[in-house]
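Inspection log for the structure reproduced underneath, given as structure tokens.
Please treat every number below as a calculation from the coordinates, not as lab data. Source: prediction; values computed, not measured. Here the Cβ positions follow ideal geometry from the backbone for every residue, glycine too, while neighbour counts run over all protein chains shown.
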């Protein structure tokens, strides 16, 4: 049983945010042309962001109390996730999908993203996160199939510290394909920055992961704050002082020192067992 601060619980109940959250979460569109349980669950192609129904009233209530916004929201998301167990059972979603996300919620503070878990918009298996999305690009020919504009496919998110070894990714993709009813995956991430393929060694897990994808779009930026996933909490002014930097840290430190852009990319791949 999740332990929730009595002050937070009172705010949740007094604002009606719990009922509003699950009420909105049930107003989903049914996917078209996809097999499996999501024909019953549905999803929100434009994203799940309950600003007026959930975030705003809670934020206002927190501001009038002694509860910190971030800790309050995180407690509520963990509480709602426990409540969501009944929906997992109702739709026959495997128990390990539910259990896998509990450690993530215990330490994650990005509550706008993690609220997708109790809303049944986001699922985690073997530490990798997945959600349905619409393919918003022109039709694309893959190895054995064509992904069409507007088609429902699986979006990947790699949480901090996730195991991206080939064996773990393969078992996660296999389970996700089985649950979601499609084997087409996509991702928009810094991990797919095409320069990584040039500088990383063949044994690199990031390189092996990126090589799965057909890159269909890319973006460059000079916003070096996006390198937090590489340098952690080290300030940009201190990255040149890192003891025994990794190859990736050396690469990004060099680009920053030379005022070169860093980037991300959108990729798609067809998973084959």
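Some observations on this one:
- Taking the number of Cβ atoms within 10 Å of each Cβ as an exposure proxy, the fewest-first ranking of 112, 86, 234 is 86, 112, 234.
- Averaging Cα coordinates gives a centre for the stretch 69-140 and one for the stretch 16-38; these two points are 13 Å apart.
- The base-10 log of I(q)/I(0) for the stretch 68-113, evaluated at q = 0.13, 0.15, 0.28, 0.33 Å⁻¹, reads -0.30, -0.40, -1.03, -1.20 [Debye formula, identical scatterers on Cα atoms, solvent excluded].
- If you wrap the tightest convex hull around every Cα atom of the stretch 1-120 and split its volume per residue, you get 103 Å³.
- Estimated [θ] at 222 nm from DSSP helical runs (n ≥ 4, -39500 (n - 2.57)) normalised by residues in the chain, nearest 500: -10500 deg cm²/dmol
- Tail fraction, Cα-Cα pairs, the chain, threshold 34 Å, whole percent: 27 percent
- For the stretch 89-215: rounded, prolate or oblate by the Cα gyration tensor [a/c cutoff 1.5]: oblate
- GNM flexibility winner over the chain from 122, 12, 192 (Cα, springs under 10 Å): 12
- Neighbour counting of Cβ atoms within 10 Å sorts the residues 190, 113, fewest neighbours leading, into 113, 190.
- Three-way shape call for the stretch 194-255 based on the alpha-carbon gyration tensor, with the a/c threshold at 1.5: oblate
- Listed residues 117, 140, 80, most fluctuating in the chain (Gaussian network, C-alpha, under 10 Å): 140
- Paramagnetic reach from residue 258 in the stretch 214-239 [backbone N under 16 Å; point 7 Å along Cα→Cβ]: 221-222
- Taking the empirical scaling 2.2 N^0.38 Å for compact globular proteins as reference, the stretch 148-189 has a Cα radius of gyration ratio of 1.22.
- Relative contact order of the chain, taken over Cα pairs closer than 8 Å and 6 or more residues apart, is 16 percent.
- Residue with peak Gaussian network fluctuation, the chain [Cα springs, cutoff 10 Å], from 103, 118, 31: 103
- Summarising the label geometry, the points placed 7 Å from Cα in the beta-carbon direction at residue 29 and residue 214 lie 2.4 nm from one another.
- Inter-probe distance in nm under a simple model that places probes 7 Å from Cα toward Cβ, at residue 46 and residue 70: 3.1 nm
- Here the relative contact order of the stretch 39-194, from alpha carbon pairs under 8 Å that lie six or more residues apart, stands at 18 percent.
- Note on 67, 110: ascending count of other Cβ atoms within 10 Å places them as 110, 67, the fewest first.
- Rounded, prolate or oblate (a/c below 1.5 giving rounded, otherwise prolate when a/b exceeds b/c) for the stretch 145-273 by Cα gyration tensor: prolate
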